[in-house]
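Report on the structure given below.
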């Protein structure tokens, strides 16, 4: 039977492929250390689970308004105003089934065939595919590793054409583990003034910043930035709610209205009792998130130091998200365990098969010189995995 050209053109997620192979080996009894998955290893806080259970007991299992219950959209609006300095009305917010859904739906709502979307590399593997599924064309800007993998205003200005419809920004960044400073973002915002270019600002890792890093929402930079920004966020990373599938988009009312109309034919509402759980998360005043953030910071510092101690690896210190993104290209062209390493795909595959360490190749992120290691795992696993990596490279 026929499969659509659209579906055939979409590759499987590189991150999920690594995780699947690692699980396959584990099922065979192999002791695999996995640095692949991009989700917290912490459990969802109990008070959030309890809120969902109570909602189920209360019969909150029916359809809700497509963009989300008004109480949740108001809670999101309050959060954005109080924490991020952005003033959105509930009508400017749509609750989606995870931030991945938010990204897909926002692009479907505002992009047309032939539009160009500026995408800085390194980028999350899903961005190019969602751009292409909207009929648009990814226009990749290769960021300089000497600028910590962040694009410059000059690069952005040079990339803009009459077809440019959107800039995708992800800060803190997956896979790069970096965050743009407020000053750097302000310079980018200045370049866009006077244009009709949307900014899709993926802020899912905003709570996970380290050291002296300061987070700022792109929409909070100026009135102009506010007018063009689709702010995307969720609870997966901050409250360890990856499997709950809840995200949200805030932005210009016309775009949010279009997203809501699409969603009404696509998925209807986000799961009713998950919305109740999200309300509990937004009401949280404890140090739950801070405890997780502090542990991630400790792990990230340790992982980067260990990686930089391995000959042939250069790793920037992560200041956001929970990833290290080392340059391993000095290993390319060499033979390890009888296998010649030509790029990041060979590096990741051979490391997994020979040393039972799973990480993600950089090629699907737009940076073949690099690999991504998640430190969303225990310090014990990090130590064991890095010991194996070092031994493998010393062959």
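Output the antiparallel fraction of DSSP beta bridges having both residues in the chain, as a percent to the nearest 5. It would help to have the intermediate numbers written out before the result.
Details: 18 of 38 bridges.
Around 45 percent antiparallel, to the nearest 5.
Contact order normalised by length for the chain, with contacts defined as Cα pairs under 8 Å and 6 or more residues apart; what percent is it?
Numbers: 752 pairs, mean separation 90.6, N = 395.
Relative contact order for the chain comes out at 23 percent.
How far, in degrees from 0 to 90, does helix 70-84 lean away from the longest principal axis of the Cα atoms of the chain, to the nearest 10?
Taking Cα atoms only, the helix is inclined about 60 degrees.
How large are Rg and Dmax for the range 92-182 when calculated on the C-alpha trace, in angstrom?
Here Rg and the maximum Cα pair distance are 13.4, 38 Å.
Could you let me know the centre-to-centre spacing of the range 76-107 and the range 342-359, using Cα atoms, in angstrom?
With the range 76-107 and the range 342-359 each reduced to a Cα centre, they are spaced 38 Å.
Mind ordering 116-122, 47-53, 334-340 by average Cβ neighbours within 10 Å, highest first? Show your work: numbers first, answer last.
Details: 116-122: 23.4, 47-53: 17.1, 334-340: 12.4.
Listed from highest to lowest mean packing, they are 116-122, 47-53, 334-340.
Got a sec? How would 237, 207, 5 order by Cβ neighbour count within 10 Å, fewest to most?
On the way: 237 26, 207 20, 5 7.
Fewest to most other Cβ atoms nearby, the residues stand as 5, 207, 237.
Sort 6, 228, 21 so that the residue with the fewest other Cβ atoms within 10 Å of its own Cβ comes first and the one with the most comes last.
Details: 6 10, 228 24, 21 18.
In increasing order of surrounding Cβ atoms, one gets 6, 21, 228.
For the range 246-395, count the residues as N, evaluate 2.2 N^0.38 Å, and divide the Cα radius of gyration by that value, please. Before the final figure, lay out the partial values.
Numbers: Rg = 20.5 Å, N = 150, 2.2 N^0.38 = 14.8 Å.
In units of the globular-protein estimate, the range 246-395 measures up at 1.39.
As I understand it, the value is the acute angle between the Cα axis of helix 344-355 and the longest principal axis of the Cα atoms of the chain; what does it come to in degrees, rounded to 10?
Helix 344-355 sits roughly 60 degrees off the main axis of the chain.
Arranged by the count of other C-beta atoms within 10 angstrom, fewest first, what order do 79, 158 take? Display every interim value, and only then the final one.
Numbers: 79 18, 158 11.
Least to most surrounded, the residues fall as 158, 79.
I need to check one value: relative contact order of the range 94-200, counting alpha carbon pairs closer than 8 Å and at least 6 residues apart, in percent.
It rounds to 27 percent for the range 94-200.
Running Debye on the range 50-105 with equal point scatterers at the Cα sites and no solvent, what base-10 log of I(q)/I(0) appears at q = 0.17, 0.21, 0.22, 0.26 Å⁻¹?
Once normalised to I(0) and log-transformed, intensities are -0.68, -0.93, -0.98, -1.09.
Anyone know which of 153, 318, 361 comes out most mobile in the 10 Å Cα GNM of the chain?
Top of the fluctuation ranking is 153.
If you wrap a convex hull around the Cα atoms of the range 62-282, how much volume per residue is inside, in Å³?
Numbers: hull volume 24.8 nm³, N = 221.
Enclosed volume per residue, from the Cα hull, is 112 Å³.
Just 196, 212, 184 to compare: in a GNM of the chain, with alpha carbon springs under 10 Å, which one fluctuates most?
Result: 212 has the largest fluctuation of those listed.
Which of 82, 173, 319 moves most in a GNM of the chain, Cα contacts under 10 Å?
Fluctuation is largest for 82.
A short reminder: the numbers here are calculations on the coordinates, not readings from a lab. Note that this is a predicted model, so its numbers are computed, not measured. Don't worry about glycine lacking a Cβ; one is built from the backbone with ideal geometry, like all the others, and counts go over all protein chains shown.
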